[in-house]
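A.B. asks: I have a structure I would like to understand better, so I am pasting it below and will then ask my questions one at a time.
The values are calculated or read from the model by the stated rules, or taken from the named source; none is laboratory data. Every value quoted in this text rests on a predicted model; they were computed, and no experiment measured them. Here the Cβ positions follow ideal geometry from the backbone for every residue, glycine too, while neighbour counts run over all protein chains shown. Surface areas here come from the heavy atoms of the whole protein model, side chains and all, with no ligands, DNA or RNA. Shrake-Rupley method; radii C 1.70, N 1.55, O 1.52, S 1.80 Å.
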Amino acid sequence: MLGVEAKKKKKKISCLPLSKLIPFRICLYLSDSTLSYTETEATNSPNVTPGDFSDASTSPDAVKRSHWCNVAYWEHRTRVGRLYTVYEQSVSIFYDLPQGNGFCLGQLNLDNRSETVRRTRSKIGYGILLSKEPDGVWAYNRSEHPIFVNSPTLDIPNCRTLIVRKVMPGYSIKVFDYEKSCLLQHTAELDYADGPYDPNSVRISFAKGWGPCYSRQFITSCPCWLEILLSNNR
């Protein structure tokens, strides 16, 4: 039965290059994350209280180290909560992860959430694991639903068509390639209709896709999404 399920899973994503999408690799790192969008920030920032979820970004030891990214959480055009700064090699971003360390989206409060946002938030579950590795930044889908990813190094060079990759549960993808990023610095910036272009940012949507192949043309139409702002000092 496991072999049949694995074949079905591979068939669903066979259209993606194997070099960009691979089965989930076990990773025990836990750390922190990033942002850059100039939209309206939610005025109701959460008051995070101590509990089962610890925040490594505010520890005394973390403050002394340089960060490699910041993570922002968005609901449509509204940024919810503060930036989450990442210092460790990896970070879990989740809604509900028992005994988990990292960025807990379930603790972020916002008045008058739409039903669409509530439903999507309920699908985040164990969320994703972001990991900084020698060849770039990897995202591991730990949830039970797909995630959708876009970054400058995933786009096709010299192509103005937005490329959004679908990553199924249990799979991972290199969301940012350091070597390719250096080459892209010399190319002209693309004109993105849904916001300012940042060559060092990654956008990840939970459960809902966007772009030319979807009814949602812009990521700001997605109910729940992340913006990862990578530091140049890697």
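A.B. asks: Counting only residues that are among the hydroxyl-bearing types (Ser, Thr, Tyr) and at pLDDT below 95, which one in the range 147-173 is nearest to the chain's Cα centre (by Cα)?
C.D. replies: This residue is SER151.
A.B. asks: Tell me which residues, restricted to the range 95-126, are in contact with a Ser or Thr (Cβ under 8 Å, 6 or more places away or on another chain), open to solvent by less than 30 Å² (accessible area, probe 1.4 Å) and farther than 10 Å from CYS224 by Cβ.
C.D. replies: If the condition is that a residue be in contact with a Ser or Thr (Cβ under 8 Å, 6 or more places away or on another chain), open to solvent by less than 30 Å² (accessible area, probe 1.4 Å) and farther than 10 Å from CYS224 by Cβ, then GLY100, GLY102, PHE103, GLY125 are the ones that fit.
A.B. asks: Now a separate question. Cβ-Cβ below 9 Å, separation at least six or inter-chain, first residue in the range 129-143 and closer than 18 Å to ASP96 by Cα and open to solvent by less than 20 Å² (accessible area, probe 1.4 Å), second among the aliphatic types (A, V, I, L, M) and modelled with pLDDT under 95: which pairs?
C.D. replies: Qualifying pairs under 9 Å: LEU129/LEU30.
A.B. asks: Of all residues in the range 83-127, how many are over 18 Å from THR220 (Cα atoms) and in a strand (DSSP E or B)?
C.D. replies: The qualifying residues number 12.
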